[in-house]
Amino acid sequence: DQSLLKDDRSDSLENAMNMDALSNRVYATSSSPVSIGGYLEADYKYIGEDGLTDGHSFRIPRVTLFITSSISSRIKFMSEFEFEEGGEEIAIEFAAMDVNFHPLLNLRGGVVVNPIGAFNQNHDGPKWEFVDRPIAMTQMLPATWSNVGFGLYGKMYQQDWAFGYEAYLTNGFDNSITTNTENRTFLPASKNNKERFEESSNGEPLFTGKIAVRNQNIGELGLSYMGGIYNTYEDEGLILDEPRRLDVFAVDFNTELPFSETYIVGEWAWVFVDVPNTFTQQYGEKQSGGFLD
């Protein structure tokens with residue numbers, strides 16, 4: 001049935017889930033099949049401590065550009081480019097091609113945003129009330145965390161209910177999560193490894209999966225997992241270490257209070273890392289944290 005392959009925009013917006021954050025963005029459209037959008041984040045700070053202050057300060061932490069193109073009725077390309085700290089760093093946050101077979105079965109490949117928790121995919125600044133990103137999602141989890149890989153995703157609807165899933169195999173973390181300048185277990189250190197967009201650090205794929213259910217009258221609940229071997233345990237046949245795992249579990253929830261139209265979103269994550277016994281105590285094997293907005 002060809003009607004199953006059509007993108008019903010009103011239905012998509014009405015039943016939008018957190019997994020749709022990468023596609024439900026503001027674009028400038030025209031007769032061209034290519035659409036462009038983006039946003040700028042800027043803030044003002046006056047910070048003082050113990051009677052001392054650095055005075056007034058303005059900052060532009062990031063400028064983000066979206067480009068999407070419908071190659072055909074079943075194939076779409078979407079991308080997100082982020083210019084951070086005045087252009088000192090340019091990152092490809094998302095650059096993937098979607099092939100739509102059925103609402104419940106779609107293929108996505110390229111630079112994929114790993115669907116762990118809620119914030120990693122739904123990270124656009126204008127959507128949030130606070131200027132700074134959640135500490136737990138940037139200092140415990142490595143938001144925004146994306147890797148080269150591919151996987152499947154899909155959605156289905158039943159009256160007031162919506163169900164969605166995502167499952168991806170991508171490149172992943174490396175030894176830097178326990179060997180870094182922070183001198184602690186620090187997952188965001190792997191973001192500095194740009195080689196992960198060219199090859200895996202250890203030949204082991206990182207699996208990320210999420211299931212979510214939404215009721216229009218209650219809200220959305222998501223359960224997600226991300227895990228795999230993170231360390232380089234072998235080099236050209238030479239055993240360097242035993243394979244060590246990293247596992248992350250997350251739960252997220254969002255709803256809108258009907259009497260005040262107040263939007264509430266929260267997330268909590270648990271991180272488990274197999275740390276070598278020779279490391280000191282600040283290299284924790286367990287971490288947990290979250291946020292409520």
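Residues considered: Gly151, Gly164, Gly172. Of these, the only one that is over 30 Å from Arg59 (Cα atoms) and in contact with a Pro (Cβ under 8 Å, 6 or more places away or on another chain) is Gly172. Here Thr280, Thr255 are screened, and the one residue that is modelled with pLDDT under 90 and either outside any loop (DSSP other than H, G, I, E, B) or not basic (Lys, Arg) (or both) is Thr280.
Within region 266-284, restricting attention to residues that are touching a strand residue (DSSP E or B) at 6+ places or on another chain (Cβ under 6 Å) and over 15 Å from Ile135 (Cα atoms), the residue that is surrounded by the most Cβ atoms within 10 Å (Cβ to Cβ) is Val273. Of the residues making up region 158-196, those that are within 19 Å of Leu223 (Cβ to Cβ), more than 16 Å from the chain's Cα centre (by Cα) and of a type in the set (Phe, Trp, Tyr) number 2.
Within region 252-265, being under 19 Å from Trp145 (Cβ atoms) and over 14 Å from the mean Cα position of the chain (by Cα) holds for one residue alone: Val265. I'd like to verify a number: residues in region 216-237 that are loosely packed, with under 15 Cβ neighbours inside 10 Å and among the β-branched types (Val, Ile, Thr), how many? So the answer is 1. Hey, can you tell me all the residues within region 187-233 that are in a loop (DSSP other than H, G, I, E, B) and closer than 20 Å to Val248 by Cβ? Matches in region 187-233: Asn193, Ser200, Ser201, Asn202, Glu204, Pro205, Tyr230, Asn231, Thr232, Tyr233.
Quickly run through region 83-109 and pick out the residues that are within 15 Å of Thr208 (Cβ to Cβ) and crowded, with 18+ Cβ neighbours inside 10 Å. Result: Phe94, Ala96, Arg108. The residue that is nearest to His123 (Cα to Cα), counting only those in region 273-287 that are without any contact (Cβ under 8 Å) to a residue 24 or more places away in the chain and not charged (D, E, K, R), is Gln281. Taking the conditions (1) closer than 20 Å to Phe150 by Cα; (2) out of contact with any helix residue (DSSP H, G or I) (no Cβ under 8 Å at 6 or more places or on another chain) in turn, Gly284 satisfies each one other than (1).
Among the residues of region 108-143, those that are of a type outside the set (Val, Ile, Thr) and assigned to a strand (DSSP E or B) comprise Arg108, Gly109, Gly110.
Against the numbered list (1) surrounded by 15 or more Cβ atoms within 10 Å (Cβ to Cβ); (2) at positive phi; (3) modelled with pLDDT under 95, Thr144 comes up short only at (2). Within region 34-82, the set of residues being among the aromatic types (Phe, Trp, Tyr) and surrounded by 11 or more Cβ atoms within 10 Å (Cβ to Cβ) comprises Tyr39, Phe66, Phe77, Phe81. In region 227-253, the residues that are free of Cβ contacts under 8 Å to residues at least 12 places away in the same chain reach residues that are of a type outside the set (Phe, Trp, Tyr) and surrounded by 11 or more Cβ atoms within 10 Å (Cβ to Cβ) with C-beta atoms within less than 7 angstrom, at least six apart or across chains, in these pairs: Leu240/Thr232; Leu240/Glu234. Just one of the listed residues (Ala136, Ala96, Ala118) is touching a residue at least 12 places away in the same chain (Cβ under 8 Å), in contact with a Lys or Arg (Cβ under 9 Å, 6 or more places away or on another chain) and among the small types (Gly, Ala, Ser), and it is Ala96.
The values are calculated or read from the model by the stated rules, or taken from the named source; none is laboratory data. Quantities reported herein were computed from a predicted structural model and do not represent experimental measurements. Neighbour counts run over all protein chains shown; Cβ positions are idealised from the backbone, glycine included.
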